[in-house]
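Quick notes on the structure that follows.
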Amino acid sequence: MSRNAIPLWLKIAYTVWLAVWVTGYWQSYGPQNFLWICDLANLILGVAIWIESPLLFSSQAVAVLVIQALWIVDVCGRLLLGLHVIGGTEYMFDPERSIGLRALSLFHVFVPILVLWAIRRLGYDPRGWKLQTLIVWLLLPLTYLVTDPDRNINWLWKPFGIPQTVLPELGYLALEMLVVPLVLYLPTHAALSWWMRNR
């Protein structure tokens, strides 16, 4: 890893955006909202971009690349087809929310680009998926304990917006803690490892 691989202007720009985003989200959604995996990733990336940590960038790459790609697909589905093909972005089309607040959620578009660019510059740390697995194993139980089920943060109560009634709540929590690393993180880790070996 080369030092100063990330230009100062980008570090400052991201930090300014992060301050605006945190302020807007805190005022509108409250602190619980920062327990969303994608929202927490923004905060971790705020550290990663300053210390230029391949480990932190890699952990957040496996955390959000698939999720944010699905977010983009869902928004595009609503814009082009008039329907949410996956679900989870209905709030982006809620006229009761200000356009400025909805615009803050467009980080789902630029964060994957930033993460992939940083990994290309700094390198991919194969420990990233293990670190992110540890993070999500702490995050999901915390989400269950301290957030309002009606908020459905991290889809712990309504996966894809559909109420989960098959398993008891703790059983579904355990299942999600198993599925997220195996279905999202491990394949993303494999793809990023292949990309960095063959680029």
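Any read-out appearing in this document is the output of simple, stated calculations on the displayed coordinates, not a laboratory observation. This one's a predicted model, so the numbers in the text were calculated from it and none came from an experiment. Methodologically, a virtual Cβ is constructed for each residue, glycine included, from the backbone with ideal geometry; neighbour enumeration extends over all protein chains shown.
Where does the charge balance sit around E176 when Lys and Arg score +1, Asp and Glu -1, over other residues with C-beta under 14 Å from its C-beta? Mind dumping the intermediate values first?
Details: positive: K158; negative: E169.
With Lys, Arg at +1 and Asp, Glu at -1, the neighbours total 0.
So for E176, E96, E90, fewest C-beta neighbours within 10 Å to most, what's the order?
Values: E176 20, E96 5, E90 11.
Lowest to highest Cβ neighbour count: E96, E90, E176.
Once Rh is set to the Kirkwood radius over Cα pairs, what Stokes-Einstein translational diffusion coefficient, in µm²/s, holds for segment 105-199 at a temperature of 25 °C and a viscosity of 0.890 mPa s? Walk me through the intermediate numbers first.
Details: Rh = 15.2 Å.
D = 162 µm²/s.
Fewest first, what order do L79, L116 take by the number of other Cβ atoms within 10 Å? Spell out each step's value before the answer.
Details: L79 10, L116 16.
By the 10 Å Cβ count, ascending, the order reads L79, L116.
How many angstrom lie between the C-alpha centres of segment 103-146 and segment 1-61?
Using only Cα atoms to place each centre, the spacing works out to 10 Å.
Rounded to the nearest 20 debye, what is the charge dipole size of the chain about its Cα centre when +1 sits on each Lys and Arg Cβ and -1 on each Asp and Glu Cβ? Kindly include the intermediate steps, with their values, before the conclusion.
On the way: 13 positive and 11 negative charges, 171 e Å.
Once rounded to the nearest 20, the dipole reads 820 debye.
Using only the alpha carbons, work out the radius of gyration and Dmax of segment 1-113 in angstrom.
Spelled out, the Cα radius of gyration and Dmax of segment 1-113 are 15.0, 47 Å.
Residue-wise, which Karplus ³J(HN,Hα) couplings in Hz belong to segment 173-189, taking 6.51 cos²θ - 1.76 cosθ + 1.60, θ = phi - 60°, and x for glycine or proline?
Couplings: 4, 4, 5, 5, 5, 7, 6, 4, x, 6, 8, 9, 6, 5, x, 5, 4 Hz.
For V20, V180, what's the fewest-to-most ordering of other Cβ within 10 Å of each Cβ? Let's see the in-between values first.
Values: V20 12, V180 22.
With the sparsest Cβ surroundings first, the list reads V20, V180.
Over the chain, what relative contact order in percent results from Cα pairs under 8 Å that are six or more residues apart? Spell out each step's value before the answer.
On the way: 189 pairs, mean separation 53.2, N = 199.
For the chain, the relative contact order is 27 percent.
Quick check: from the Cα gyration tensor, does segment 19-75 come out rounded (a/c under 1.5), prolate or oblate?
Numbers: a/c = 2.28, a/b = 1.15, b/c = 1.98.
The shape class here is oblate.
From the alpha carbon gyration tensor of the chain, can you work out the equivalent ellipsoid semi-axes (sqrt of 5 times each eigenvalue) and give them in Å, largest to smallest? Let's see the in-between values first.
Working: eigenvalues 142, 91, 56 Å².
Ellipsoid half-lengths, sorted descending, are 27, 21, 17 Å.
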